[in-house]
Amino acid sequence: RGNASPAKCTRQEQRWRSDHGIVDARERFMQAYGRLRDDLVGNDSCELTDEARRWLAQMIDYNVPGGKLNRGLSVIDSYLLLKQGSEVTEDDFFLACVLGWCVEWFQACALLLDDIMDDSHTRRDQICWYRRPEVGLRGINDGIILKCHILIMIKKYFREKPYFLDLLEIWSEIALQTSLGQMLDLIGTHTGADDLAKYSIEGYRRIVKYKTAYYSFYLPVANALLLSGAKLQDFSDLKDILIEMGIYFQIQDDYLDCFADPNTIGKALGHADNNQIEVLHKNYGKKDSSSVSEVKRTYAALDLKDIFSEFECRCYNHLVTSIEAQKDCAAREILKSFLKKIHQRKK
Ligand code: FPP
Ligand code: MG
């Protein structure tokens, strides 16, 4: 089904689907988690010792299921919308859960490794995995294992499907895009005060597009599209809008970090005068509390709050217009459900 054949959804169907989706999907999604984790831990292809299996189970439990699960659940939501009220069997629902958990596994891997690179202390209200005394840099290997698990799950459940190759392609493409986005971020953000001039809005957009938008917004929907039998090339508009939303989401994220995120520098520089740039120059990128508060004070003086509200409004209106222009009903509903979750979010 491409944009050329708009299908009508009745209001009743949508309500049923979203009620069903909210109440039931999360519980069924969690049940699928237990099954997938046990399969991976029990997998006997590698002669694992009992001690190794305990490590693996603990590592997965610690890193994978503790987030908001928005990305994983959005595979299921999008899939149900694409099915347009036609029957979804238990087996199909489970397959949507598998792909949803693959996205959560991907996110767990990315965050585990990112925390090591960023020298972070906490993640999802707990100590970062690598900061646990028994883990340390062994955590790098755990990140690699999580990444390998995705392929194991996809091969196990989708090998015989006609879209198997498309799945492999989209996963490897987005893994590369995310890693390159992370590389752009690492190169661009942590190079010291002398490189302050290198920050720009275009550079910032490029970083967040690749390191966040593809895997957080497009990947769940691309998986739902393939599962529903669609061809990804028929939904290029949907992809573009999701990427735009992903960029908007990450800008919110950096803003919500109370201007503490280094990426805010790009936005701040566009509005700062020479004195303010000088202050940023001296204090930016340093971890001590006085430098941090100097940077925050400058951000506050730049009225970033007003600038942000104005940006949010403009961005929202542009997204609404683009969504309304979509001919495909399911595509519109998917986009609306994403937008609803992120618009003016406070956390
Ligand atoms: C968090 O950013 C990090 C990411 C969104 C992506 C990190 C990507 C990698 C480590 C590459 C992973 C590759 C694969 C194949 C999974 P942040 O540091 O701005 O956010 P934070 O404040 O939540 O740490
Ligand atoms: Mg980080």
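Here, each number is a calculation from the coordinates, and none is a lab measurement. Note that the structure is predicted; figures quoted are calculated from it, not measured. Reconstructed Cβ throughout: ideal geometry from the backbone, glycine too, with neighbour counts over all protein chains shown.
Here the Karplus curve 6.51 cos²θ - 1.76 cosθ + 1.60, taken at θ = phi - 60°, turns the phi angles of segment 154-166 into couplings of 5, 5, 4, 9, 10, 3, 8, 7, x, 9, 3, 5, 4 Hz, with x standing for Gly and Pro.
Positive-end ranking of Leu82, Met117, Gly72 along the dipole of the chain, with charges on Cβ about the Cα centre, is headed by Leu82.
One chain, two ends: Asp253 and Met183. Fully extended at 0.36 nm per residue, the span grows by 23.3 nm beyond their Cα-Cα distance. Residues whose amide H lies under 5 Å from that of Asn43, counting only those 5 or more places away or on a different chain, are absent; hydrogens are built 1.01 Å from N in the peptide plane.
Each principal axis of segment 93-132 carries a Cα extent, and these read 38, 18, 12 Å when sorted largest first.
So what is the 222 nm mean residue ellipticity for the chain from helices alone, if each DSSP H run of at least 4 adds -39500 (n - 2.57) and you divide by all residues, rounding to the nearest 500 deg cm²/dmol?
It comes out at -22000 deg cm²/dmol, rounded to the nearest 500.
Database remark: amide H of Arg123 closer than 5 angstrom to the amide H of Cys128 (H placed geometrically; neighbours at sequence offset of 5 or more, or on other chains; Pro and chain starts carry no H).
Mind checking which of Phe158, Tyr215, Ile140 is farthest towards the positive end of segment 101-259's charge dipole, using Cβ charges of +1 (Lys, Arg) and -1 (Asp, Glu) about the Cα centre? Positive-end residue among those listed: Phe158. Take the Cα coordinates of the chain, assign each an equal point scatterer, and use the Debye formula without solvent to give log10 I(q)/I(0) at q = 0.07, 0.09, 0.12, 0.13 Å⁻¹. For the chain at q = 0.07, 0.09, 0.12, 0.13 Å⁻¹, log10 I(q)/I(0) is -0.33, -0.54, -0.94, -1.08. The magnitude of the dipole of the chain, with charges of +1 and -1 set on the Cβ of Lys/Arg and Asp/Glu and taken from the Cα centre, is near 580 debye. Based on alpha carbons, the Rg and Dmax found for segment 86-164 are 15.9, 51 Å. Using θ = phi - 60° in the Karplus curve 6.51 cos²θ - 1.76 cosθ + 1.60, the 3J(HN,Hα) couplings for segment 130-145 round to 5, 7, 5, x, 7, 9, x, 6, 4, x, 4, 5, 4, x, 5, 4 Hz; x is entered for Gly and Pro.
Under the convention that each Lys and Arg Cβ holds +1 and each Asp and Glu Cβ holds -1, the size of the dipole of segment 82-225 around its Cα centre is about 120 debye.
Using per-residue counts of other Cβ atoms within 10 Å, averaged over each peptide, order 108-115, 121-128 from highest down.
Numbers: 108-115: 22.1, 121-128: 13.5.
Result, highest mean Cβ count within 10 Å first: 108-115, 121-128.
P(r) tail for segment 289-347: Cα pairs beyond 19 Å make up 50% of the total. Per residue, the convex hull spanned by the Cα atoms of segment 47-131 measures out at 115 cubic angstrom.
Show me 35-43, 87-95 ranked by packing, highest mean number of other Cβ atoms within 10 Å first. Spell out each step's value before the answer.
Numbers: 35-43: 16.1, 87-95: 12.8.
Ranking the peptides 35-43, 87-95 by packing returns 35-43, 87-95.
Taken along the Cα-to-beta-carbon direction at a fixed 7 Å, the label points for Asp39 and Ser309 span 5.0 nm. Packing here is the average count of other Cβ atoms within 10 Å per residue, and on that basis the peptides 203-212, 308-317, highest first, run 203-212, 308-317. Here's how it looks for Gly285: its modeled amide H is under 5 Å from none belonging to a residue 5 or more places away or on a different chain.
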